[in-house]
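Computed from the coordinates by the stated procedures, all read-outs in this text should not be read as laboratory data. Because the structure is a prediction, the values reported are computed rather than measured. Here the Cβ positions follow ideal geometry from the backbone for every residue, glycine too, while neighbour counts run over all protein chains shown.
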Amino acid sequence: MDTVNRAAEKKYNKWIVVLSIIIPLVVAGLFGVNLRKLGFDVEPLSFLPPIYASINGLTALLLVGALLAIKSKNIKLHKTLMTTAIGCSVAFLVMYVAYHMTSDSTPYGGEGAIRTVYFFILISHILLSIVIIPFVLITYVRAITNNFERHKKIARIAFPIWLYVAISGVIIYIMISPYYV
C-alpha cells in the first residue's frame with residue numbers, strides 16, 4: 001500500500017517544485033509593478049488590506065479548527081476546513097498582489113523598539129510565507145493520495161509555520177494600519 005501511495009504522490013512532485021518556485025517569483029515580480037505608475041487608469045484598491053488581513057485571521061481560525069477536528073477524528077470536517085484554509089490563502093495572495101499593483105506601499109511610521117519588532121515580524125512573515133508553500137502542497141498531496149502517516153509527519157511541521165504566517169499577517173496589518181493614507 002505504501003508503494004502505491006508514494007507512486008501517486010510522486011506524480012505531484014514536479015508541480016510542487018514548480019509552484020513553490022513560481023508563486024514567490026510571480027508575487028515578487030508583480031509586487032514591483034504599479035499599474036497607475038505605468039499609466040493605467042485604475043483606482044487604488046485601498047479597501048483591500050483590512051479584507052485580506054481578515055482572511056489571514058480566518059485562515060488561522062480554520063487551521064486551529066482543522067487541528068481540533070482531526071484530534072476528534074472528524075476527518076470530513078478536517079478536510080473541509082483545510083481545503084477552505086488553502087482557498088483563503090489563495091484569496092489572500094490574489095488580493096495582496098492586486099492591492100500592491102494599484103497602490104503605493106505604505107511605509108511603517110513607528111519608531112524605537114516597536115519599529116524593530118515590526119520589521120522582525122514582517123521579515124519572518126515574508127520568509128516563512130515562502131517556506132510554507134511547498135510544505136502545504138506536500139501535506140495536501142499526501143492527504144489526497146491517502147498517505148496519512150507521511151501526511152501527519154509533515155503536517156506537524158507545516159501547521160505551526162502556516163499558523164504563524166496567518167497570525168503574523170494580522171499583526172502586521174494592525175501595526176501598519178495607522179499609517180495607511
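For the chain, the longest principal axis of the C-alpha atoms and the axis of helix 148-176 are separated by about 10°.
Between SER54 and ALA98, residue separation times 0.36 nm minus the direct Cα-Cα distance comes to 14.2 nm. With the convex hull drawn around the C-alpha atoms of the chain, the volume per residue stands at 121 Å³.
Axis angle, to the nearest 10 degrees, between helix 48-71 and the longest C-alpha principal axis of the chain: 20 degrees.
Given the -39500 (n - 2.57) contribution per DSSP H run of 4+ residues, what per-residue ellipticity at 222 nm results for the chain, rounded to the nearest 500 deg cm²/dmol?
-28500 deg cm²/dmol
Shape class of segment 1-61 from the alpha-carbon gyration tensor: oblate, with a/c at 1.5 or above and b/c at least as large as a/b. By other beta-carbon atoms within 10 Å, ranking LYS152, LYS76 with the fewest at the front produces LYS76, LYS152. Each of LYS14, LYS153 was scored by other Cβ atoms within 10 Å of its Cβ. Listed from fewest to most, they are LYS14, LYS153.
Backbone N atoms of segment 86-130 closer than 14 Å to the 7 Å Cα→Cβ label point of LYS37 belong to residues 100-107. In terms of Cα atoms, the Rg and Dmax of segment 132-181 work out to 15.2, 49 Å. Each label was represented as a point 7 Å from its Cα along the Cα-to-Cβ direction; for LEU25 and SER105 these points are 2.1 nm apart. Taken over segment 10-106, the alpha-carbon convex hull comes to 120 cubic angstrom per residue. Straightening the chain between PHE148 and ALA8 buys 49.1 nm, computed as 0.36 nm per residue apart minus the Cα-Cα spacing.
Between the Cα long axis of helix 75-102 and the first principal axis of the chain there is an angle of about 30°, rounded to the nearest 10.
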